[in-house]
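A.B. asks: What follows is a single structure, and I will ask about it in a moment.
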Amino acid sequence: MKIEQLISKILSIKSIPNSEWMEGLEDRKLKELEFHDQDRDKEFKKESKDEGDYEKYYGNRKYYSTVHRSQEYIKNWIIKESKDKVFFRLRLR
């Protein structure tokens, strides 16, 4: 696939409305989206702490923090190995 074709495909996918895109998602993916929406909601975090539900919603946060070193290694490897090459990154921290 040529770069122009890839860019064209990405742009066509990007133009799909959110509502249409979400209709095709499995239930587990919708729940994951809901979780991450709540995770970014500062008011929700404050309320869950106040009501004692913080552990229920954020108890698995400790697992996310342990992967930081692996993510950094991967990010640095990609930077090193993809120098002067085309690389579409999805999400690197």
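The values are calculated or read from the model by the stated rules, or taken from the named source; none is laboratory data. These numbers come from a predicted model, not from an experiment. Every residue, glycine as well, gets a Cβ built from its backbone with ideal geometry; the counts of neighbours run over all protein chains shown.
A.B. asks: Name every residue in the range 45-72 that is modelled with pLDDT of 75 or more and under 19 Å from residue 32 (Cβ atoms), in order of residue number.
C.D. replies: Once the filter is applied, which keeps residues that are modelled with pLDDT of 75 or more and under 19 Å from residue 32 (Cβ atoms), the range 45-72 yields 67, 71.
A.B. asks: For the range 74-91, check the following and say yes or no: at least one residue is more than 22 Å from residue 6 (Cβ to Cβ), within 21 Å of the chain's Cα centre (by Cα) and at pLDDT below 70.
C.D. replies: Within the range 74-91 (the criterion being more than 22 Å from residue 6 (Cβ to Cβ), within 21 Å of the chain's Cα centre (by Cα) and at pLDDT below 70), the answer is no, since none of the residues qualifies.
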